[in-house]
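One structure is given here, and the rest of the page talks about it.
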Amino acid sequence: MKKISKAAVIGGGTMGNGIAHIFSMHGITIHLVERNRELADKALETITGNLDRMVGKEKIDATRKEETLDRIVTFTDTAKAVGEVDLVVEAVPENFDLKRELFSEIDKAAPGEAILASNTSSISITRLAATTSRADKFIGMHFFNPVPVMKLVEVVKGLQTSDETVAVIEKTAQRLDKNAVVVSDYPGFVSNRVLMPMINEAIYCVYEGVAEPEEVDQVMKLGMAHPMGPLRLADFIGLDVCLDILNVLHDGFKDPKYRPCPLLVKMVDAGRLGDKTGEGFYSYD
Ligand code: CAA
């Protein structure tokens, strides 16, 4: 079976820098691509901070931190970055046209044998795969925030993804010390098909005056042992991202049970997107 020794990660935001961090920490050379040098430096700074946190907690030693950083090379040119890699993991914003253009460039520049993976949380893997010349080597590799901490990789098998590609990605996830769960490509996969209706229902509780956000979250934290309540989690994920995913579920299944709560729509319209804007269901400094 093909072994991944060099991978490119496209996008150095919250998910991309976490993905680069864990691949490199487990011995895989990383080409990390950002749009410009400033963003590339910022991604490296975040990875360094998260590695320092792990050294502080004695999860890794200082040598492993340095080795991890040494294996990450940053690029601003996607074609150059993917030229000699075994795997490309895309982690850019959730916009189909943006991803389609990017994968068309990657498909031309990456070696014919390279596997192309998307970290998308909601866009169809089958549809993205069909825009490339290697749908059999195209797969979803869906990570969870914070990537260095969360144990799951949801591996999404598109209609044309080969069994060999699934096997390589499952094995790679194990090397990253993650558990791979293989699912079929339907809207929201499993993770967001289950999570987002829960978050939406929590928002309806606030919208209908059943309870305040703090109370809804306390019920789920104390009664169901969730590490974060659904509204705190919605802020952490980003309310715009939650709305996008609910719209994908609503459009994909044409089922009113996925209808986004009007309060969620209103908050996104107001630019109250959660942690990243400092205001959501809670306020953040
Ligand atoms: N890098 C490395 N380590 C990190 C980290 C990072 N970015 N962020 C947190 N950690 C570590 C901390 O060092 C800490 O380690 P110890 O257990 O050794 O002390 C541990 O994670 C817990 O962190 P904190 O003590 O700072 O805070 P906490 O106990 O409140 O936990 C949390 C924070 C891990 C985020 C926890 O609240 C949690 O699990 N929340 C749920 C997160 C979740 O559901 N994520 C999935 C979102 S959905 C998604 O991502 C995909 C999608 O498609 C929408």
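So the values come out like this:
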quantity: Directionally averaged projected area (convex hull, Cα atoms, the range 37-108), nm²; calculated: 6.0
quantity: Over the range 192-277: Kirkwood hydrodynamic radius from C-alpha pairwise inverse distances, Å; calculated: 12.9
quantity: Of the GluC sites (Glu not before Pro) in the range 91-155, those whose Cβ has at most 15 other Cβ within 10 Å and which sit in DSSP loop; calculated: Glu113
quantity: Check: the range 1-115 dipole with +1 on Lys, Arg Cβ and -1 on Asp, Glu Cβ, in debye; calculated: 260
quantity: 5 angstrom amide H check on Glu90, placed H, neighbours 5+ away; calculated: Ile10, Ala117, Ser118, Asn119
quantity: Residue among Asp240, Asp275, Asp61 with the largest mean-square fluctuation in a Gaussian network model of the chain, springs linking Cα atoms under 10 Å; calculated: Asp61
quantity: The chain, dipole about Cα centre (Lys/Arg Cβ +1, Asp/Glu Cβ -1), debye to the nearest 20; calculated: 660
quantity: Residue pairs, from the table Lys57/Lys178; Lys137/Lys276; Lys171/Lys257; Lys108/Lys157; Lys6/Lys65; Lys2/Lys65, whose Cα atoms sit over 25 Å apart; calculated: Lys137/Lys276; Lys171/Lys257; Lys2/Lys65
quantity: Dipole magnitude of the range 192-277 about its Cα centre (Cβ charges: Lys, Arg +1; Asp, Glu -1), debye to nearest 20; calculated: 220
quantity: The range 6-184 pair-distance distribution - Cα-Cα, 10 Å bins, rounded %; calculated: 11, 42, 37, 10, 1
quantity: Tilt relative to the chain, helix 163-175 - C-alpha long axis, 0 to 90 degrees, to 10; calculated: 80
quantity: Candidates Ile169, Ile199, Ile30: whichever shows maximal mean-square fluctuation once the chain is modelled as a Gaussian network with Cα springs under 10 Å; calculated: Ile199
quantity: Extreme residue, positive dipole direction of the chain, given options Gly238, Gly223, Ser162 (C-beta unit charges); calculated: Ser162
quantity: Low-density loop cleavage sites - trypsin sites (Lys or Arg not before Pro) in the range 237-276, where at most 10 other Cβ are within 10 Å (DSSP); calculated: Lys254
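Laboratory data are not the source of any read-out in this text; all were calculated from the coordinates shown. Computed from a prediction, not measured in an experiment: that's the story for all the values here. Positions of Cβ are backbone-derived with ideal geometry, glycine not excepted, and every protein chain shown enters the neighbour counts.
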